[in-house]
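Shown next, in structure tokens, is the structure this report addresses.
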Amino acid sequence: MKIIKESGFRFTEYTNKEDLSTEDIQLIDNAIEAQKSSYSPYSKFKVGAAVLLANEEMIQGSNQENGAYPSGLCAERVALFYAGVKFPSIPIKAIAITASFNDQVPSEPIPPCGACRQVMIESRNIGNEPMRVILVGKDRIYVVEDVTHLLPFNFSSVNNAVNQ
Ligand code: THU
């Protein structure tokens, strides 16, 4: 038997930041501010991320590059790992991500790279609650209700033989 299955997800597009909740706006503003600490002399692409924890704390991260290119790290992972250091095991409710190239913010939101999606899923699974993803462009904001939608068929601890 052959069955063709389909997978898809809904997300919300906003054209006005003011239509989001006060908390989401604050998280977005934190992500925008985080870009200022970006160390990106090679790509000139400044990425800012901010995570909201269940204890209402917000943690910022920005991309940190290196002359040995692969040694650098994306903004999302800097923020998530820093949140793990400061508040271990506190669930993460949301992450906001924004970027600019030569100080110009792209009209459309910048989607997170695959490695960051994988790390976001691990952080989300620690709290075992949905983690919202807010992607911020100049003219549009996308809100995804759970990061799992951004990485279907993701590999997680459930698939890891060590945990079975
Ligand atoms: N970058 C991020 O910080 N997050 C992503 O999700 C994609 C890319 C950074 C890595 C590098 O410093 C620069 O953007 C250009 O790829």
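Before moving on, here are some points about what is shown:
- The range 26-135: GluC sites (Glu not before Pro) in DSSP coil with no more than 13 other Cβ atoms inside 10 Å: E56, E57
- Farthest positive-ward along the chain dipole, Cα basis, beta-carbon charges - from I92, N154, P112: N154
- Taking the C-alpha atoms only, the angle from helix 114-127 to the longest principal axis of the chain is near 70 degrees.
- Counting only alpha carbon atoms, the long axis of helix 75-86 and the longest principal axis of the chain meet at about 80°.
- Dipole size of the chain about its Cα centre, with +1 on Lys/Arg Cβ and -1 on Asp/Glu Cβ: approximately 540 debye, rounded to the nearest 20.
- One Cα centroid belongs to the range 29-68, the other to the range 93-126; the line between them spans 10 Å.
- Where the chain is the region considered: accessible area per residue in Å², 1.4 Å probe: 58
- Cα-based helix-to-principal-axis angle, 22-34 vs the chain, degrees rounded to 10: 60
- Within the chain, helix-based [θ] at 222 nm, where runs of 4 or more DSSP H residues each add -39,500 (n - 2.57), nearest 500: -7500 deg cm²/dmol
- Restricting attention to the range 1-114, lysine pairs at least eight places apart or on different chains and with alpha-carbon atoms under 29 angstrom apart total 12.
- FRET efficiency for N160 and I126, using Cβ-Cβ distance with R0 set to 22 Å, rounded to 0.05: 0.95
- Cα Rg, Dmax (largest Cα-Cα span) when computed across the chain, Å: 16.2, 55
- With both labels modelled 7 Å from their Cα along Cα-to-Cβ, the E6 to E23 distance reads 3.4 nm.
The values are calculated or read from the model by the stated rules, or taken from the named source; none is laboratory data. Values in this document were obtained by computation on a predicted structure and should not be read as measured data. Here the Cβ is made from the backbone with ideal geometry for all residues, glycine too, and neighbour counts use every protein chain on show. Side chains are part of the model used for accessible areas, which takes the heavy atoms of the whole protein and leaves out ligands, DNA and RNA. Shrake-Rupley method; radii C 1.70, N 1.55, O 1.52, S 1.80 Å.
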